[in-house]
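A.B. asks: Below is a structure I'd like to ask you about.
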Amino acid sequence: MKPIIRLLMSCLVGTLALPAFDPGTMAAPERVKVVASLPNLGAIASAVAGDKIDLTVIASGTQDAHFVDPKPSYIVKLRKGDLLLVNGLDLEIGWVPPLTQGARTARLMPGGPGFIDCSAGIRVVEVPLSLSRTEGDVHPYGNPHYLTDPLNAEIVAGTITEALKRIDSASAQAYEDGRRAFVRQLHEALFGKDLVNLAGGAKLSREALAGTLDNFLDTTSIGGAPLRTHLGGWLGKMQAVKGKSVMTYHRDYSYFADRFGIRVVDYVEPKPGIQPSAKHLEKLVVRLKQGDITLLLTRPYVEHRSTDYLAERTGVKVLTLPIEVGGAPEATDYFHLFDHVTDQIVKALSGAAPAAGR
Ligand SMILES: [Zn+2]
């Protein structure tokens, strides 16, 4: 088939796949075909839309989101997609553009109606003063791992819901209901059901995003007891290790640390995406021997040599944790991901020497 004919046919097939172009027969409308670059985005879309969408997730939770191999099989999946959800901030710069270009799906390319950058509305941290990829830095627009803060999932759910409403307006109410149910579940998981019932999830979310939640919980009383006594969920669980210091392999826990009050004081990678030199590892040995860092968090997909060496030299505990759904057997969805991660961190940090300065 000549390329131009193939292109026309692929556009035609793509157009017919859109529910908005349902020719008006009595046939049931096709489900919106959503392609998510990463498992967390897919999990949020699935929580919002359930079986109203036909979901494909490209990367797995055990792959490094920065370095996914753009296999041709993904191109086939993209050709059929109505919406492409991406993390953005150049996290997928090495593999999503080759896939969308290979699929020739203009609607799923930046600027196209189906390209949904889920970083919209996120307060990005560690934004460099000037854009630079010097020395291989893979975070040129700031830290892209924003879904390690569950409250950012609320923002992403809103972005995905709006995109679904635009493309499938007939089901707008169902998507909105799905979003509300997801956000309610997220608030209850983060703050505890009791506190959400007393203070309201939206109020708690606003206080937490503004960085004033601690003050709100300590200065607001209900029935003579401060609201803090009702704090549960992941935040309640993490109170036991608040203020403690950890080291991470990659710079991917900044949002998590801000939300849960732990401190990431150094990284195995000297720059995001760059493996450590022997000299850098010696610097980390000196840092770890100060004794305030008892836990090193690493990922399923990075090399073990450096973390094994640091554990051997300093006795630091090394814990491999996922940051994406599917990155561990327990992380079956976005909620179980945080159940697992918070359980493991509390277990690993409990009983460790208290961090200095608390
Ligand atoms: Zn990164």
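The values are calculated or read from the model by the stated rules, or taken from the named source; none is laboratory data. Because the structure is predicted, anything quoted here is derived from the model rather than measured. Heads up, the Cβs are rebuilt from the backbone with ideal geometry, glycines too, and the neighbour counts pull from every protein chain shown.
A.B. asks: Listed residues SER73, SER119, SER60, SER130; which is of a type in the set (Ser, Thr, Tyr), part of a loop (DSSP other than H, G, I, E, B) and modelled with pLDDT under 95? Steps first, please.
C.D. replies: On the way: SER73 fails: part of a loop (DSSP other than H, G, I, E, B); SER119 fails: modelled with pLDDT under 95; SER60 fails: modelled with pLDDT under 95.
One residue alone meets the criteria, SER130.
A.B. asks: Let me ask something additional. Being touching a Gly at 6+ places or on another chain (Cβ under 9 Å), part of a helix (DSSP H, G or I) and not polar (S, T, N, Q) narrows it down to one of LEU337, LEU281, LEU310, so name that one.
C.D. replies: LEU337 is the lone residue from the list that is touching a Gly at 6+ places or on another chain (Cβ under 9 Å), part of a helix (DSSP H, G or I) and not polar (S, T, N, Q).
So that you can scan it fast, the table gives a plain yes or no per residue for (1) closer than 27 Å to ALA331 by Cβ; (2) modelled with pLDDT under 95; (3) surrounded by fewer than 16 Cβ atoms within 10 Å (Cβ to Cβ):
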residue: ARG228; (1), (2), (3): no, no, no
residue: LYS237; (1), (2), (3): yes, no, no
residue: LYS244; (1), (2), (3): yes, no, no
residue: TYR253; (1), (2), (3): yes, no, no
residue: ILE262; (1), (2), (3): yes, no, no
residue: LYS283; (1), (2), (3): no, no, yes
residue: LEU297; (1), (2), (3): yes, no, no
residue: VAL316; (1), (2), (3): yes, no, no
residue: THR320; (1), (2), (3): yes, no, no
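A.B. asks: Here is a follow-up. Could you tell me which of the residues VAL156, VAL138 is of a type outside the set (Ser, Thr, Tyr), farther than 18 Å from ASP51 by Cβ, more than 16 Å from the ligand (Cβ to nearest atom) and out of contact with any Asp or Glu (no Cβ under 6 Å at 6 or more places or on another chain)? Let's see the steps before the verdict.
C.D. replies: Numbers: VAL138 fails: more than 16 Å from the ligand (Cβ to nearest atom).
Of VAL156, VAL138, the one residue that is of a type outside the set (Ser, Thr, Tyr), farther than 18 Å from ASP51 by Cβ, more than 16 Å from the ligand (Cβ to nearest atom) and out of contact with any Asp or Glu (no Cβ under 6 Å at 6 or more places or on another chain) is VAL156.
A.B. asks: Let me ask something else about it. Condition first: within 16 Å of the ligand (Cβ to nearest atom), out of contact with any helix residue (DSSP H, G or I) (no Cβ under 8 Å at 6 or more places or on another chain) and in a loop (DSSP other than H, G, I, E, B). Now tell me which residues in segment 260-278 satisfy that.
C.D. replies: The answer is GLU269, PRO272.
A.B. asks: Please list, ordered by first then second residue, the pairs with beta carbon atoms under 9 Å, 6 or more apart or interchain, first in segment 272-287 and more than 16 Å from ARG305 (Cβ to Cβ), second aromatic (Phe, Trp, Tyr) and not in a helix (DSSP H, G or I).
C.D. replies: Here the result reads GLY273/PHE67, each pair linking segment 272-287 to a residue that is aromatic (Phe, Trp, Tyr) and not in a helix (DSSP H, G or I).
A.B. asks: From the residues in segment 98-135 that are polar (S, T, N, Q) and free of Cβ contacts under 8 Å to residues at least 12 places away in the same chain, which one is farthest from the ligand (Cβ to nearest atom)? I'd like the intermediate steps shown before the answer.
C.D. replies: Start the filter on segment 98-135 by keeping residues that are polar (S, T, N, Q), which leaves 100-101, 105, 119, 130, 132, 134.
If we keep only those that are free of Cβ contacts under 8 Å to residues at least 12 places away in the same chain too, we end up with 101, 130, 132, 134.
Numbers: GLN101: 23, SER130: 19, SER132: 15, THR134: 16 Å.
Only one residue tops the list, namely GLN101.
A.B. asks: How many of the residues in segment 85-99 are within 17 Å of THR159 (Cβ to Cβ) and assigned to a helix (DSSP H, G or I)?
C.D. replies: Applying the first criterion (within 17 Å of THR159 (Cβ to Cβ)) to segment 85-99 yields 85-89, 91-92, 96.
Of the ones still in play, those that are also assigned to a helix (DSSP H, G or I) are 96.
Counting residues in segment 85-99 that are within 17 Å of THR159 (Cβ to Cβ) and assigned to a helix (DSSP H, G or I) gives 1.
A.B. asks: Now, a different point. Scan segment 47-65 residue by residue and report those that are crowded, with 21+ Cβ neighbours inside 10 Å and out of contact with any helix residue (DSSP H, G or I) (no Cβ under 6 Å at 6 or more places or on another chain).
C.D. replies: ILE53, ALA59, ALA65
A.B. asks: Can you name the residue in segment 211-259 that is under 29 Å from HIS145 (Cβ atoms) and of a type in the set (S, T, N, Q) and is also farthest from the ligand (Cβ to nearest atom) among such residues?
C.D. replies: In the first step, residues of segment 211-259 are kept if they are under 29 Å from HIS145 (Cβ atoms); the result is 211-217, 228, 231-259.
Filter once more, so that each one left must be of a type in the set (S, T, N, Q): 212, 215, 239, 245, 248, 254.
Values: THR212: 29, ASN215: 32, GLN239: 28, SER245: 20, THR248: 10, SER254: 10 Å.
In this case the residue turns out to be ASN215.
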